[in-house]
Amino acid sequence: MTPTARALIDRVHRVVEHAREVTDHPVLEAVARVGLVAYGLVHLLIGWLALQLARGSDRTDADQTGALQTVADSPGGVVALWLIGLGLLALALWQAGEVLLWWRGLLSRERWRRTAFVCAKCLAKAAVYAVLGGTALLFAAGGEYQADERLRELTGETLEVPGGTALVVAVAVGVVAVGLYTVLRGCTGGFMKDIDLTAAPDRVEPWIEAVGRVGYVAKGIAFGLAGVLLVQAARTADLSAATGLDGALTVIAGVPGGSWLLGGVAAGFAAFGVYALGRARYPDRDPSS
């Protein structure tokens, strides 16, 4: 390595270390914990909305925007939305900060693939938190947003451009893959890497793991089905199939015995919410620990 290249890397390293100090600041971690609590409450609300759907309600959007709208319609909802939004954005920054610990691995021929995978997981989680936080702030400011309607609009616009069908199918396959990966994490207990096991009491760990397994499997099934519906929308140009999580849960409700199945999925989302609250108490952002 040339002296110039080494000097450049050392300079980048110093910048990264300063940024790491910001993302490791106790104040940011405290606000990020608020975001984790908010994330858990959103999933508890999704579980409750899914249960209403299982009981025959046709006025329920059982997804993230439906949960946020429920908060907005409650007493003190605007204040709660501001707290949820800011907490989730802080959580996104805190989670993304983990990439700063791993960036040197990208310079290693032996470790760059593993490092890239770890960084991608960190950034993917951060993106989910940021989008949900931004949506909460939009609701707090009086804006309106329907995830299923926007998904249909984006799908329709994409299908109209050359190669759009292939692009939608690729995204749909990616969603299915995420769903399968989520189910796998639930079955293997890999999500426990996000819990600081050194801080969590031994008597609490089994409960966190139990609700986490149920929650991850339920989420994985729901999102995998949403991906399948998106594939169908691309294949048939039927935009009504591109409805995201709410549409997937509606499909479950419509099959024989669907109310019972959807009740189980609702319980799974509620279980994930409880797991997220446990993670808020004992957080670890390192996905490779």
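The values are calculated or read from the model by the stated rules, or taken from the named source; none is laboratory data. The structure presented is a predicted model; accordingly, all values stated were derived computationally and were not measured. Glycine gets a Cβ as well: all are built from the backbone with ideal geometry, and neighbour counts include every protein chain shown.
Within the stretch 241-266, residues that are over 13 Å from I221 (Cβ atoms) and of a type in the set (D, E, K, R) sit with their Cβ atoms under 6 Å from residues that are modelled with pLDDT under 80 and assigned to a helix (DSSP H, G or I), at 6+ positions apart or across chains, in these pairs: D246/D148. Within the option set L36, L45, being in a helix (DSSP H, G or I), under 17 Å from A267 (Cβ atoms), at pLDDT 90 or above and aliphatic (A, V, I, L, M) holds for one residue only, L45.
Within the stretch 48-70, the set of residues being of a type outside the set (G, A, S) and not in a loop (DSSP other than H, G, I, E, B) comprises W48, L49, L51, Q52, L53, Q64, T65, L68, Q69, T70. Residues in the stretch 51-89 that are under 15 Å from R33 (Cα atoms) and touching a Leu at 6+ places or on another chain (Cβ under 6 Å): G85, L88. Has the stretch 111-122 got any residue that is more than 21 Å from G278 (Cα to Cα) and modelled with pLDDT of 90 or more? No: zero hits.
Going residue by residue through the stretch 20-31, is there one that turns out to be among the charged types (D, E, K, R), farther than 25 Å from L81 by Cα, touching a helix residue (DSSP H, G or I) at 6+ places or on another chain (Cβ under 8 Å) and modelled with pLDDT of 65 or more? Yes, because at least one residue in the stretch 20-31 is among the charged types (D, E, K, R), farther than 25 Å from L81 by Cα, touching a helix residue (DSSP H, G or I) at 6+ places or on another chain (Cβ under 8 Å) and modelled with pLDDT of 65 or more.
Going by the conditions given, is A141 hydrophobic (A, V, I, L, M, F, W, C), surrounded by 19 or more Cβ atoms within 10 Å (Cβ to Cβ) and either within 29 Å of L41 (Cα to Cα) or in contact with a Lys or Arg (Cβ under 9 Å, 6 or more places away or on another chain) (or both)? Answer is no for this residue. Residues in the stretch 172-192 that are assigned to a helix (DSSP H, G or I) and surrounded by fewer than 16 Cβ atoms within 10 Å (Cβ to Cβ): V173, G174, A177, L180, L184, C187, T188, G190. Out of D196, D246, D238, one residue alone is surrounded by fewer than 22 Cβ atoms within 10 Å (Cβ to Cβ), closer than 30 Å to V161 by Cα and acidic (D, E). It is D238.
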